[in-house]
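Below is one structure; the comments refer to it alone.
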Amino acid sequence: MNQKGKKIFHNKNAAYVFMFPYVILFVIFILLPVLAAIGLSFTNFNTLQFPDFVGFRNYIGWLTSDPIFMQTILPNTIVFAIVTGPIGYMLSFFLAWSLSQISKGMRTVLALIIYSPSMTSGVAMQVIWKVLFSGDRYGYINSKLLEFGFIDKPINFLQSTTWLMPIMILVTLWSSMGIGFLAMLAGIMNIDQSQYEAAKIDGVKNRFQEIIYVTLPNMKPQLLFGAVMQIVGSFQSGNIGVTLSGSNPTPLYAGSVFVTHIDDYGFIRYEMGYAAAGSVLLLLLIYAFSVVARRLFIDKD
C-alpha cells in the first residue's frame, strides 16, 4: 500500500473511531427502543405477565375499534398539528430573518429571549400560563374580564372543552422557537452578502424579492431541518394539554391528542402492547410528513 493509500485508510479509521460513541448511543437509546416498541405492538402486554402474541389486533383496534381515537383524538391531533406546525414554522423563519437585519449585540440578546421558552416551557406553564388562565376570579385573564364587565362569573379556561385547545395552541406557538429557529438564523447569517449585491444588479428591488430569490434558495438544508423539527414537535407537544388541565385524559378529551392517548393506554391502563402499536403508527405518521418535507426542500437532481 502506497503512502496515499495508507493516509486514506488512517483517515477512514479515525472517522470510524469518532463515530463509534454516537453509534453506540444511537443503538441503545433509539434503535433498540424502536425495535422493542415494534415487537411489543404485536402482543398483549400488561407489564406483569409475559407478552402474548396477538398479531395485528392492536393495529386493527386503533384504526377500527377505538371510537374515541377516530372521532376525537385523531381530529384533535390533525387540528393541533396543522395549526402549530405551519404557523410555528413561518413564525420561526420570520423571527430569524428579522433578527438577521439588526446589529449583532441586540440580535444575540433577542435570540436568547426568543429561544428561552423552548427550554423552560414546563416551568413557565406552571408559573405563567396556569396563573394567567386560572379558573377563579384571581386568575389574570378572569380578573380583567370581570373588571371590564365582559363576563359575570369566572371562566374555567383549563377545564373548558371550548378553550383548552386554543390555549394549547397558543402555548405551543410561544414555546416553539427552539433549535429549528436557531438553525434558520444561522442559515440566514451564513449567506454570502455578495449574492444580495448581485441580485440587486439583476433587478431585485425589495426585501421580499431578496427572500424569494436569494435567502430561501441558499438555506434549504436549514429549512428542511426546521421543518422536520417542527413536524416532530407538533406531534409530540400534546402533553401541554395534560400539564395545563392536570389530568389525562383531558376533560371530555377536548385537549387529548395522539401522544396523550398513547400515554393513557401505556402508563395509566398498562396496556403496553396497544400503546406500542399507537407509538408505531405515530412514528409512521411523523416519517410520512418528514418525507414530504424532504421532497419540498431537497433538489431532485
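Please give every one of the aspartates and glutamates within straight-line cross-link reach of Lys200, meaning a C-alpha to C-alpha distance under 12 Å, and leave out same-chain neighbours fewer than 8 residues apart.
Excluding near neighbours in sequence, the set is Glu210.
Given charges of +1 on the Cβ of Lys and Arg and -1 on the Cβ of Asp and Glu, with all other atoms neutral, how large is the dipole of the chain about its Cα centre, in debye to the nearest 20?
Dipole size: approximately 940 debye.
Using Cα positions and a limit of under 20 Å, work out the aspartates and glutamates in reach of Lys153, with same-chain residues fewer than 8 apart set aside.
Filter leaves Asp136.
Please give the Cα centre distance for region 231-255 versus region 66-136, rounded to the nearest Å.
So the two Cα centres are separated by 14 Å.
For Asn44, list long-range residues whose amide hydrogen, built 1.01 Å from N in the peptide plane, is under 5 Å from its own amide hydrogen.
HN-HN under 5 Å from Asn44: Asp52, Phe53, Val54.
Among Ala111, Ala186, Ala15, whose mean-square fluctuation peaks in a Gaussian network model of the chain (Cα, cutoff 10 Å)?
Result for the chain, Cα springs under 10 Å: Ala15 fluctuates most.
Taken together, the values in this text are just the output of simple stated rules run on the coordinates, not laboratory data. Computed from a predicted structure; not experimentally measured. A quick note on method: Cβ atoms are made from the backbone with ideal geometry, for glycine too, and the neighbour counts reach across all protein chains shown.
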